[in-house]
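Here's the structure we're looking at; comments come further down.
The values are calculated or read from the model by the stated rules, or taken from the named source; none is laboratory data. Values in this document were obtained by computation on a predicted structure and should not be read as measured data. Positions of Cβ are backbone-derived with ideal geometry, glycine not excepted, and every protein chain shown enters the neighbour counts.
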Amino acid sequence: MTKQKIIDILVQLFSHLDSNDMKTEGLPGAWVLESFRRGGVDLEQLSQQLPEDVDNLLYHMDTISADSTNRLLLSCAEISNNPDFGLTMNERVDITMYGLFGYLLLNSSTVRDLLMTLERYYYIYHAGGVSFKIVHEKDTIKIRYCFDHVISINSRHITEWALGFVAYYLKEPLGEIAKPLSTHLSHGEPQNKQKLYSIFGERIVFNEPDNYLLYPKSILNKPLSNVDPELLKILRKQADETLKNYLKSTTFLHKIQSLLVERISGEKATAEAIAKEFNLTISTFKRRLVQEKINFRQVKEEVKNNRAKQLLSETQVSISDIARKTGYTDQSSFTRFFIRCNKITPKKFRKNHQQ
């Protein structure tokens with residue numbers, strides 16, 4: 001689509017339609033552009049800078065890549081002169097704009113229900129290689145925001161929008177306990193942190209290998225709404241059907257990659273463990289790999305390499321820790337693997353990309 005065509009669409013949309021009307025026009029991402037406009041973004045300028053990304057947002061919102069979303073948010077921050085643009089998106093977006101996913105969130109009876117919805121149904125809203133993962137520990141829970149591939153540009157805005165939603169949404173019903181025990185972000189420390197402090201509290205750690213919020217487990221049973229059980233049942237039935245259709249359309253390879261991303265640092269990244277996730281015997285799983293022409297070892301190495309490159313380029317995590325986080329018991333084995341894949345040492349790769 002040409003740049004002028006996109007501008008014409010934007011002029012038509014925002015001259016006489018509100019955000020609810022836009023959803024009926026068959027343009028899935030129009031409500032996001034409306035949110036950008038509310039945040040002080042000149043949409044014509046944005047479409048001139050990033051015509052392909054705006055086109056993807058308008059027509060393919062549910063599958064737009066994290067890189068594309070990041071480019072848009074970075075430009076929005078620059079155009080609006082708001083360095084916290086991703087974080088403040090939660091102030092511009094009405095939760096009902098998320099459609100079925102939003103109504104499920106609104107009808108969460110407890111924090112536990114809300115987190116289950118985030119983890120299970122986020123794909124309905126955004127299937128572009130990002131997801132929520134809820135990790136239960138002894139006394140705490142981690143709410144992780146995960147990417148299934150290396151993000152080539154700073155992921156600050158998309159991460160702060162996603163994790164900020166949790167703390168922002170919980171603030172009204174729960175008050176100060178909505179602020180996490182600590183917040184861990186993979187991007188660097190910004191110059192001004194006041195907006196971050198207002199949403200997350202002051203215990204924020206930057207340059208971390210993972211993006212997550214840490215809460216006490218006691219928060220799970222906190223009530224959020226007086227939900228109608230029958231309505232919630234209908235909504236979840238619809239959501240399950242939507243999710244089922246999404247999974248049908250998702251390739252076998254993509255499913256394997258997503259499962260490996262979650263498990264790459266531990267012992268559950270084996271072919272046997274992945275086969276179990278598909279409810280297949282290892283022999284049946286291997287036959288399916290042959291049929292699909294998938295080399296499991298190669299896919300696993302790609303996931304490891306992508307994770308390593310992301311950690312090296314975006315964080316200050318030590319190389320020995322990166323080795324452990326990609327499944328290696330010692331740094332020398334990891335270094336040999338990295339050189340084989342990239343023809344450069346991890347140390348030189350970090351120096352080149354962090355410059």
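When Lys133 is evaluated against the numbered criteria (1) surrounded by 20 or more Cβ atoms within 10 Å (Cβ to Cβ); (2) of a type outside the set (Asp, Glu); (3) touching a Cys at 6+ places or on another chain (Cβ under 7 Å), which criterion, by number, is the only one it fails?
(1)
Can you work out which of the residues in region 303-355 that are among the polar types (S, T, N, Q) and outside any helix (DSSP H, G or I) is nearest to His254 (Cα to Cα)?
The selected residue is Thr326.
Give the residues of region 270-314 that are touching an Asp or Glu at 6+ places or on another chain (Cβ under 9 Å) and either within 30 Å of Asn207 (Cα to Cα) or β-branched (Val, Ile, Thr) (or both), sorted by residue number.
Within region 270-314, Ile282, Val303, Asn306, Leu311 meet the criteria.
Could you please find all residues in region 166-199 being of a type in the set (Asp, Glu) and either within 14 Å of Asn90 (Cβ to Cβ) or part of a helix (DSSP H, G or I) (or both)?
Glu172, Glu176
Hey, Glu267 hits all of (1) farther than 30 Å from Ser108 by Cα; (2) among the acidic types (Asp, Glu); (3) modelled with pLDDT under 85; (4) outside any loop (DSSP other than H, G, I, E, B) but one; which does it fall short on?
(4)
In region 60-165, which helices (runs of 4 or more DSSP H) lie fully inside it and hold 1 or more residues that are modelled with pLDDT of 90 or more?
66-80, 85-92, 111-125
Within region 301-316, track down each residue that is in contact with a Phe, Trp or Tyr (Cβ under 8 Å, 6 or more places away or on another chain) and hydroxyl-bearing (Ser, Thr, Tyr).
Ser313, the sole residue that qualifies.
Got a number for residues in region 240-262 being modelled with pLDDT of 70 or more and touching a helix residue (DSSP H, G or I) at 6+ places or on another chain (Cβ under 7 Å)?
Within region 240-262, residues that are modelled with pLDDT of 70 or more and touching a helix residue (DSSP H, G or I) at 6+ places or on another chain (Cβ under 7 Å) number 7.
Filter region 154-199 down to residues that are charged (D, E, K, R), surrounded by fewer than 16 Cβ atoms within 10 Å (Cβ to Cβ) and within 19 Å of the chain's Cα centre (by Cα), then give me how many there are.
Residues flagged as charged (D, E, K, R), surrounded by fewer than 16 Cβ atoms within 10 Å (Cβ to Cβ) and within 19 Å of the chain's Cα centre (by Cα) within region 154-199 amount to 0.
Using the structure shown, decide if Glu78 is free of Cβ contacts under 8 Å to residues at least 24 places away in the same chain and either surrounded by fewer than 19 Cβ atoms within 10 Å (Cβ to Cβ) or farther than 17 Å from Arg38 by Cα (or both).
So Glu78 fits the description; yes.
Scan region 279-298 and tell me whether some residue there is closer than 21 Å to Phe147 by Cβ and of a type in the set (A, V, I, L, M, F, W, C).
So far as region 279-298 goes, no, none of its residues is closer than 21 Å to Phe147 by Cβ and of a type in the set (A, V, I, L, M, F, W, C).
What are the pairs, 6+ residues apart or on separate chains, where a residue within region 337-355 that is touching a residue at least 24 places away in the same chain (Cβ under 8 Å) and of a type in the set (S, T, N, Q) has its Cβ under 9 Å from a residue that is surrounded by 15 or more Cβ atoms within 10 Å (Cβ to Cβ) and in a helix (DSSP H, G or I)?
The qualifying pairs are Asn342/Asn305; Asn342/Ala308; Asn342/Lys309; Asn342/Phe349; Gln354/Leu312; Gln354/Ser313; Gln354/Glu314.
Residues are listed down the side, and each one gets a yes or a no for (1) more than 27 Å from Leu185 (Cα to Cα); (2) more than 24 Å from the chain's Cα centre (by Cα); (3) of a type in the set (D, E, K, R):
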residue	(1), (2), (3)
Arg287	yes, yes, yes
Lys300	no, no, yes
Lys304	no, no, yes
Asp321	no, no, yes
Ser333	yes, yes, no
Phe338	no, yes, no
Thr345	no, yes, no
